[in-house]
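Rule-based calculations on the coordinates, nothing more; no lab input. Quantities reported herein were computed from a predicted structural model and do not represent experimental measurements. As a convention, Cβ positions derive from the backbone with ideal geometry for all residues, glycine included, and neighbour counts pool all protein chains shown.
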Amino acid sequence: MHPHDHTTKAPLVEMKGIVKRFPGVMALDGVNFELRPGEVHVLLGENGAGKSTLIKVLSGAHTPDAGEIFVGGRKVNITSPQVPLDMGLRFIYQEINLVGEIDIARNIFLGCEPMRLRTLGLVDKSALYSRAGEHLRRFHIDLDPRDIVGRLSVTQQKMVEIARALATDSKVLVLDEPTDVLEDRSRNDLFEMIGRLKHDHQVGFIYISHRYAEVYELGDRVTILRDGRNAGTWRIDDLTLDEMIERMVGGRVSRQYPDMQEPAENEALRVENIVSGKVLDGVNLSLRQGEIVAVTGLMGAGKTELGRAIAGVDRFDSGTVFVHGRKVVSKSPAAGIKNSIAYLTEDRKSEGLILEHSIRDNYALPSIGRLSPAGLLKHARINREVQEYMTGLNIKAPDMFTPAGQLSGGNQQKAVLAKWLGADCKVLIFDEPTRGIDINGRAEVYRIMEELLERGAAILMLTSDYTEALAMGHRVVVLCRGQVAGTFDRGSADEEDILRLAIGARADRRREGSTAK
Amino acid sequence: MIGDIRKQVIRSAESLAGLVAIVLFFVILSPSFRQWATLTDILEQSMELAILAAGTTLVLISGGLDLSVGSVMALCTCIAGSLLSGCQGQAVMSVAPAVALTLAAGLGIGLVNGITIKYTGVPAFIVTLGMMMIARGAALMLAAGRNMSDFSDAFLVLGGSHGYTVPLSITAAVIVVIALLLAMTRFGFNVYAIGGNEEVARLSGVPVKRYAIACYALGGLCAALAAIVQTSRFEFAKPNRGESWELMAIGAVVIGGTSLFGGSGGVGRTVIGVLIIKSLQTGLSHMGVGSYWQRILIGVVIILAVWIDRIQNRRRKT
Amino acid sequence: MRKNAITALASVLVVGMLAGCGKDPDARKKIVFIGYSSTNTFWITLKNSAEKTARKAGLDFADMTSSDPDVVAQKAAVDNAIRMGVAGLVIGPANSEGLGKSLDKAKAAGIPVVTVDTRVKHDWISSHVATDNVAAAELAGDYIVEKLGGKGKVLIIGGTVGVQTADDRRGGVFNKCKAAGITVLDFDANWKDDEANRIAQEQLAAHADIGAIFAACDPMILGAKVAVKRKGLLGKVLLVGFDAIPEALAAVKKGELDATVRQDPVRMGKEGVELMARILKGETDIPKSIAIKAVIVDKSNVDEYIK
């Protein structure tokens, strides 16, 4: 699709110099973005590059620390999610945002139902259903407006959401990975719809996707974000796929990673043919003592599910797990811990720590059996151990009785590490260990991981940060759609290789010159 | 939550201050309140509620909720009453086995509650609400037309026929046991963990279902014990006892400072909560205020107590 | 006992099934009895007497009493009975006000209604059989005044406010005391013995000169008795209850309770059904109400009434 020349028309949306900080992380560092009428503008970037944050700033979910936003040429102050809605911006996220208990028509007109007598608040039901029917027909959606949303398939629900977004004459539609759940037929319907709206109504689209084929099919321009900054904006036709990928990952500042010892010979963990529902499709993996294997891939590739399955947090359908050569069956997290496997969750706030409880109480939890012989708590011993770890790991807090919720992100992660260190497991599965932590915090986490290896542990590190995977892993395993797409030894690959495998593209590529880091 | 003695003492001190304030209030305003006998009166009135509330504390800390304990009390009253009553001069069985059976009944109902909640996914509110009605109905059926009085001396001792040391010791024992359980044992530690965040506890290896069910069972046991003391004290059993006591118990727990959402709190504070409620009731009675007004005021106190607690929490966080 | 509960349950089930069945051709000779509570000793006695009288009169008798005093359940029972096409209703209302519409329906269907123990506010009710609660309470009041000899306060522990029976009983004693110039402490305990125990304990502590305690039902006075006993005042405070349940009679015999008021549930049941039988035969000179006399039971005559 070739865009018309829109340079004379005012942009629908303009974002200038957007800055957004979270504790310890600079999510957006002066990002610019511009959407013209009648264009599909693709937003690209790795996980953590800042795409979602930028969209959330536009939708009013986050308030930027600096920067300006213009809609239709006028400067606006987005103080609440209602503001962009009122201005005709519509957002469609990956999660479905419909009310399952009511029917399609009511969902479409939620909050703005056609009324019969305004003062009495009576809904004009015939108008409701006929107008809803019109909308569905207009977008070629073959559903009855009286159908209950909860009973529709995910694909159908997505179509309804899109119909709803377009039902109220919106000017800007933001789509975040919309085709993840759509079948081919519906995807074509969607693209057709987008095309029509573009041409006939000059609607502007901000489109986030990892499916590069779509990006080429649909997009007019593309903006690439990297580490919270603009890597550039181009017309789609002007970039090849390789160039796109390069700009997403290239030119990185090297971070501080510790030197790594060689792992031992004996095998700490072996995983054979793990199958779990639709998510894991026969994963094989092995991990030696003193080794870090980084498992990486796109979101949804199955990293977390793999970790949870091995640790016994979730059940899986088939496959075997061996710890130090012995076959183990972990039907619950407690069993996993007994089998010497520790799983450190992705979300440390809601699954890693009891935020209202103290550092001390959190520490003792997985080790409570050891710390309470005959069922009686040895308070002095617990306090001593906690003190040692707080010093050893440099956990900054007023004292060990500080509630975990009051710690900074980095210190919280250290508290989680301390807890599992105390549990003395031989295999540790880290799920996104440095997410949301700044450079210094990350360095400390890496140091601790190194110490763990020296003590004889083995680490499986699940991460969506390819640089981290390459730097920290003795080996890197790339998962794609629930299977191992490839394995690299340390030093034999770079971020582009990983990304390629992660998206399911060709494994090899032309190497022209050096892709310097 | 545990092991930090300082914080515990401060929190308890706050509730204690509330109690002292209330008592002083009545001492100043009501001359008849000033006797020593009043204090023993309050203690006597508090015993059964304290036992019940101790069990409720355990359930609430574990993140659960049991609305049936008042009705379980009534059912256990009738069970004990029918086993021990002297129709034709002979009770069905002697004191020890009758008491044991009653306690087992309370424990059993608690187990049923816990197992149903944890294995069917039906919310605790609903399950225990249903049990509340089932137990009450069973109590009424058991009591229908039955004469449940005329107990042996051995049983009456439990309620204080030979002085209050016996029932007070029973009450104190329950409180002390549960307090020690919570502060000093693995069991207690894990109960706090489950209440704090059940998923984190599960991921850290705590068998959450087992512990939660155990807490419900212990709560039922306390209800049975409270029923035994009360039945003995009144010297006869009636199926309409314990009405709204589950709510009073929860009120006492909340006034004492334990969170409704679990993960924190303690039995000592609950006892203070019980004493606050009973002191209020007694003091208002001495001043001639009727029971309807008393209910209203206790309701106000419950809301105030939680409100103040929230304000303090917010201040602590900043 | 348990049999009655099962009978009640079965009756409700049967009625439920019949409700869909329209008029029962044999219903002409059936009367329905809706008591106050199926687990209350007093009411069980009353119902048994009513049933016996009904059979003697050649009438079919159905008991639709619920286990708890519940106006809503009673209304449902009345509606069911009307739909069954019964010949007459004998009711012991749980509440003086709540049965309104359902009883109006009975009137419209031409079904005569006899009330027992508690009045309702309908003039067209064929007849009312009750202990005159006021007169009975006045008996108690007189007893108290006499025994006190003018000294001391009286603590009245009432039932649930708004229930006619409670108001009548409290009123009777209250008026007699007031007339004699005695100070009255007036509290309600909703028919609950643990409430009564608490109130008694608190009031005894607050007032050193309480000479007598009257409670509107026996469980309450027994609850108060515990408080009196624990304070070592047994024998020094006059204790008077109401209803003469077996536990109370035993207590009177033992000397722990001074007196209670005995209603005559046997006579009430008998009179109520006999009236209904006469109405169904077509007699028109039916008394508007029959007041059954109550009796004070104390140590002097308790042996007559203990079974």
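Below are the figures for this structure:
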quantity: Set of lysines with alpha-carbon distance to B:Lys7 below 28 Å, sequence-local pairs under 8 removed; calculated: A:Lys349, A:Lys378, A:Lys396, A:Lys414, A:Lys419, B:Lys278, B:Lys317
quantity: Relative contact order (percent, whole number), chain B, Cα cutoff 8 Å, 6+ residue spacing; calculated: 34 percent
quantity: Separation of the C:Ala208 and B:Ala104 label points, Cα + 7 Å toward Cβ, nm; calculated: 5.2 nm
quantity: Relative contact order, percent, chain A [alpha-carbon distance under 8 Å, six or more residues apart]; calculated: 15 percent
quantity: Computed [θ] at 222 nm, helices only, for the protein assembly as shown once each DSSP H run of length n ≥ 4 contributes -39500 (n - 2.57); calculated: -15500 deg cm²/dmol
quantity: Förster radius 25 Å - calculated FRET efficiency between B:Ile115 and A:Lys331 (Cβ-Cβ, nearest 0.05); calculated: 0.80
quantity: The range A:92-149 shape via C-alpha gyration tensor axes, a/c threshold 1.5; calculated: oblate
quantity: Segments B:168-174, A:463-469 sorted - mean Cβ within 10 Å per residue, highest first; calculated: A:463-469, B:168-174
quantity: Given charges at beta-carbon only (K, R positive; D, E negative), |dipole| of chain C in Debye; calculated: 420 debye
quantity: Relative contact order, percent, the range A:364-440 [alpha-carbon distance under 8 Å, six or more residues apart]; calculated: 32 percent
quantity: Residue among C:Thr45, B:Val289, A:Ile194 farthest towards the positive dipole end of the protein assembly as shown, charges placed on Cβ; calculated: C:Thr45
quantity: Among beta bridges that DSSP assigns inside the protein assembly as shown, antiparallel share in %, nearest 5; calculated: 45 percent
quantity: Estimated dipole of the range B:5-311 in Debye, rounded to 20 [Cβ of Lys and Arg +1, of Asp and Glu -1, Cα centre]; calculated: 540 debye
quantity: Estimated FRET transfer efficiency (A:Glu454, A:Arg21; beta-carbon r; R0 25 Å; 0.05); calculated: 0.10
quantity: Pair A:Lys9, A:Asp147: separation of 7 Å Cα→Cβ label points (nm); calculated: 3.3 nm
quantity: Residue list for the range A:385-427, given a label point 7 angstrom along the Cα-to-Cβ vector of B:Ile10 and an amide N cut-off under 18 Å; calculated: A:397-407
quantity: For the protein assembly as shown, convex hull of alpha carbons as volume per residue, Å³; calculated: 224 Å³
quantity: Within 10 Å of each Cβ in A:398-404, the average number of Cβ atoms from other chains; calculated: 2
quantity: Segment B:Ala21-B:Thr185, length gained on full extension (0.36 nm per residue, minus Cα span); calculated: 55.6 nm
quantity: Residues C:Asp298, B:Asp153, sorted so that the one with the fewest Cβ neighbours within 10 Å comes first; calculated: B:Asp153, C:Asp298
quantity: Virtual spin-label span in nm between A:Asn97 and C:Lys29, 7 Å along Cα→Cβ; calculated: 7.6 nm
quantity: Within 10 Å of each Cβ in B:242-250, the average number of Cβ atoms from other chains; calculated: 1
quantity: Pairwise centroid distance, computed over Cα atoms, of the range C:149-190 with the range A:208-235, Å; calculated: 87 Å
quantity: Straight-distance crosslink candidates among lysines, where the alpha carbon sits under 24 Å from A:Lys327 and sequence neighbours closer than 8 are dropped; calculated: A:Lys303, A:Lys338, A:Lys426
quantity: Cα long-axis angle, helix C:164-179 against chain C (0 to 90 degrees, to the nearest 10); calculated: 30 degrees
quantity: Under the span-like rule (Cα at least 30 Å along the axis, Kyte-Doolittle mean at least 1.0), DSSP H helices of chain B; calculated: B:5-29, B:36-61, B:95-120, B:208-234
quantity: Anisotropy class of chain B from Cα gyration tensor, a/c 1.5 cut; calculated: oblate
quantity: C-alpha long axis of helix A:379-392 to longest principal axis of chain A, angle in °; calculated: 70 degrees
quantity: Modelled FRET efficiency - R0 56 Å, B:Arg34 with B:Phe261, Cβ distances, 0.05 increments; calculated: 0.90
quantity: Burial order of peptide ranges C:187-194, A:332-339 (average beta-carbon count within 10 Å, highest first); calculated: C:187-194, A:332-339
quantity: Anisotropy class of chain A from Cα gyration tensor, a/c 1.5 cut; calculated: prolate
quantity: Set of aspartates and glutamates with alpha-carbon distance to A:Lys198 below 12 Å, sequence-local pairs under 8 removed; calculated: A:Glu39, A:Asp220
quantity: Those residues of the range C:191-210 whose amide nitrogen sits under 17 Å from the label point placed on C:Lys151, 7 Å along Cα→Cβ; calculated: C:208-210
quantity: Neighbouring partner chain Cβ atoms per residue of A:353-360, average, 10 Å criterion; calculated: 6
quantity: Dipole of the protein assembly as shown, positive end: most advanced residue of B:Val9, C:Tyr143, B:Ala80 [Cβ charges, Cα centre]; calculated: C:Tyr143
quantity: Principal-axis tilt of helix A:125-138 within chain A, Cα atoms, nearest 10 degrees; calculated: 80 degrees
